Amino acid sequence: VAIQKEDLPKYHNRDTWFQLQHVDADSEVQGKVHLELRLSEVITDTGAVCHKLATRILECQGLPIVNGQCDPYATVTLAGPCRSEAKKTKVKKKTNNPQFDEVFYFEVTRPCSYSRKSHFDFEEEDVDKLEIRVDLWNASNLKFGDEFLGELRVPLNVLRQSSCYEAWYFLQPRDNGSKSLKPGDLGSLRLNVVYTEDHVFSSDYYRPLRDLLLRSADVEPVSASAAHVLGEVCREKQEAAVPLVRFFLHYGRVVPFISAIASAEVQRTQDPNTIFRGNSLTSKCIDETMKLAGMHYLHVTLKPAIEEICQGRKPCEIDPVKLKDGESLENNMENLRQYVDRIFSVITKSGVSCPTVMCDIFFSLREAAAKRFQGDPDVRYAAVSSFIFLRFFAPAILSPNLFQLTPHHTDPQTSRTLTLISKTIQTLGSLSKSKSASFKESYMAAFYEFFNEQKYADAVKNFLDLISSSGRRDPKSVEQPILLKEGFMIKRAQGRKRFGMKNFKKRWFRLTNHEFTYQRSKGDQPLCSIPIENILAVERLEEESFKMKNMFQVIQPERALYIQANNCVEAKAWIDILTKVSQSNKKRLAVYHPSAYLNGHWLCCRASSDTAPGCSPCTGGLPANIQLDIDGDREAERIYSLFHSYMSKLEKMQEACGSRSVYDGPEQEEYSTFIIDDPQETYKTLKQVIAGVGALEQEHAQYKRDKFKKTKYGSQEHPIGDKSFQSYIRQQSETSTHSI
């Protein structure tokens, strides 16, 4: 099935049956050609006059790349009823935008005094029957010959008005007439095509709409904000979530916005067991954020284990009814248990790699749930696990190809293994009290008994604590600080003395999401407390500083705390988790000193001042926090397009606001689909949205008029064969006719 680009809008977002056609390479073409024709009179040596046609092929753009390469050349043919004369350009290597700039000459009329018949056998009036044909080819070393890329045909009667003609042309397919079967003979294919086309203006055009959207997180109530209104009017929440998340990520406002809508949703939730279980705007926005910001994290965490399962292909069927001949239920259970253990371990140990933006969102979910359901200590975990396990890890394990964890669909046996693993991981992550009862299948409940140990619940809670912790202190928080890590290490005194082993003392260190402390022994009062927001960097300390291994430094505004861990594994674990909780600090350093300050200078750079800026770049945190390539103006344009397409719903929502403002009785059924907590504030927002959308609509209409007025048919912007331009011209002529 092939659909022309200009026809795509006709099939937008609706199921359509398309008839199958034979595959024909000659019918699939793309690219455009810049051509110039010039007809001139030439006086021969005998004084006779004849006409010569100069055909200049200047360049091509956007040719297809065939089998990874494009070495194009063109053939130029002068063709008529009784004549065909062809010439060829040079081959341009490794480019799909070749610059040819070659001229070919053809004689199109014979001199009047010429008496003998020859290939100049055309009178001047026959010129109208001639045409120039340009064929584009890809030079191939294959035995099947060169690949056809497309052609164009130009009748010479275009030179009637002027002896010079120049234009751009879209390449066209050639009709070889080999349609042996009727169109319906091959069957049909049902497709649903979603086609969007964005005409993006410069930033200034979007300022009113952009400012309105960026204020969404601060609007009280958030249901009256522009972003929330978009979610209300769209047919599917996902439709609104995709551009909103990308827009807010670009402007660094995704965490405040999601925190605001999540908090509002939690306040509307009556049963803690159903928290974030629906397909709301909140859940869709968090899904989209995890998909964008968490893909690298997902790959780092799961890909090695998934590849091992796909390559090992150990039998893991535990349903007695589905066991194959020769398989042992006990062996299969053990294989599956090992796979689940491997996946569970890599997930619960991956907390330090979780992207900061996801951790900040999970912190907000945890806080909102804890405040709403203060009598339920588990709801804070359920709020986070419903996303990280249920909507992030479990779907990726179930369908790894959809998350680019495998290059293609897995085979049936591996797919079954991944389904069983996904079910178990999902249940482990849910921390529900009656887990065995949560399985419909008795064999899954029996298998789950392997994991009915406290260590699994503890590992999940520790993981959820880490990814939902934040260095941000909330004075209204109802939660106690979350303990992230503790243990004995050796620290160097931060005070006066600089030499001697007596400066190094063994202390009990304790890290929460609020502070980093140490004391003489576990349970004692802290001797020192460092707020998380005061940690500017956490880096290794070179061994030369104190001739001691496994040392690292916690850098604060006034000084650095030097610490020695028990071994290199512990040192890395402390560095990772300290970096993780302090990564959002606004004053984090860009450079640091990798060695200590001793004897009046830094050992690394020899600078004498103890306040000298660092000499080495900081490690910059974890690789999961990658920058996303998002165009904020394009997302603003997409949001405008959605508002524009749902204008009737915006107007109905306005009516609903007016109705509720004057009538406080039972809700009218036609307005019941909208969440309107504050009719007056919502009405004000709707008025601003409709005004902003109307202004952009006028700009689009003006742009479209100017675009076609300023360019002519045959220009580089609108090559001959551009059906959108032809359609516009046809509409304009119809409009003119009606107005007359």
Which aspartates and glutamates, on any chain, are close to residue 94 with Cα under 14 Å apart, when same-chain ones fewer than 8 places away are left out? 71
Do the alpha carbons of any pairs in 505/586; 291/455; 322/423 sit beyond 20 Å of each other, and which pairs? 505/586; 291/455
Can you list the aspartates and glutamates whose alpha carbon sits under 18 Å from that of residue 314, skipping same-chain ones fewer than 8 residues off? 325, 327, 330, 334, 341, 411
What is the projected area of the convex hull of the Cα atoms of the chain, averaged over all directions, in nm²? 51.6
Read phi for every residue in region 609-616 and hand back ³J(HN,Hα) as whole Hz from Karplus 6.51 cos²θ - 1.76 cosθ + 1.60, θ = phi - 60°, with x for Gly and Pro. 7, 6, 9, 4, x, x, 10, 10
Normalised by the number of residues in region 503-556, what is the relative contact order in percent for Cα pairs under 8 Å and 6+ residues apart? 23
So, for the chain, what is the accessible surface per residue at a probe of 1.4 Å, expressed in square angstrom? 52
For region 359-411: Kirkwood Rh in Å [reciprocal of mean 1/r, alpha carbons]: 12.6
To the nearest 10 degrees, how steep is helix 254-268 against the longest Cα principal axis of the chain, on a 0 to 90 scale? 70
With all protein chains present, how much of the accessible area of the chain (probe radius 1.4 Å) comes from carbon and sulfur, to the nearest whole percent? 49
Solvent accessible area, Å² - residue 398, 1.4 Å probe, full protein context: 80
To the nearest 20 debye, the chain has a Cα-centred charge dipole, built from +1 on Lys and Arg Cβ and -1 on Asp and Glu Cβ, of 3140
Measure nothing but the geometry: give the 0 to 90° angle between the long axis through the Cα atoms of 679-710 and the longest principal axis through the Cα atoms of the chain, rounded to 10°. 30
Putting +1 on Lys and Arg Cβ atoms and -1 on Asp and Glu Cβ atoms, find which of 564, 130, 217 reaches farthest to the positive end of the dipole of the chain. 564
Please name which of 241, 648, 50 has its Cα lying farthest along the dipole of the chain towards the positive end, using unit charges on Cβ (Lys, Arg +1; Asp, Glu -1) and the Cα centre as origin. 241
Could you tell me the relative contact order of the chain? Use alpha-carbon pairs under 8 Å, at least six residues apart, and round to a whole percent. 12
Could you work out how far the C-alpha centroid of region 1-74 sits from that of region 209-278, in angstrom? 48
Overall dimensions of region 225-321 by Cα: Rg and Dmax, Å: 18.2, 55
For the pair residue 528/residue 616, report the inter-label distance in nm, with labels modelled 7 Å from Cα in the Cβ direction. 2.1
Label point distance in nm, residue 697-residue 91, each placed 7 Å from Cα along Cα→Cβ: 5.6
Per the Kirkwood treatment, what hydrodynamic radius in Å, one decimal, follows for region 327-389 from the mean inverse distance over all distinct Cα pairs? 14.0
For region 515-559: rounded, prolate or oblate by the Cα gyration tensor [a/c cutoff 1.5]: oblate
Show me the trypsin sites (Lys or Arg not before Pro) within region 35-117 that DSSP assigns to loop and that have at most 14 other Cβ atoms within 10 Å of their Cβ. 90, 93, 94, 116, 117
Give me, ordered by chain and number, the residues 5 or more places off residue 488 or on other chains with an amide H under 5 Å from its own placed amide H. 509
5 Å is the cut-off here: which amide hydrogens, built 1.01 Å from N in the peptide plane, fall below it relative to residue 615, excluding neighbours closer than 5 in sequence? 592, 593
Rounded tilt (10° steps) of 647-662 against the dominant C-alpha axis of the chain: 40
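The values are calculated or read from the model by the stated rules, or taken from the named source; none is laboratory data. Since this is a predicted model, take the numbers as computed values, not measurements. In this analysis, Cβ positions are derived from the backbone assuming ideal geometry, glycine residues included, and neighbour counts consider all displayed protein chains. Quick note on the areas: whole protein, heavy atoms, side chains included, nothing else; ligands and nucleic acids left out. Shrake-Rupley method; radii C 1.70, N 1.55, O 1.52, S 1.80 Å.
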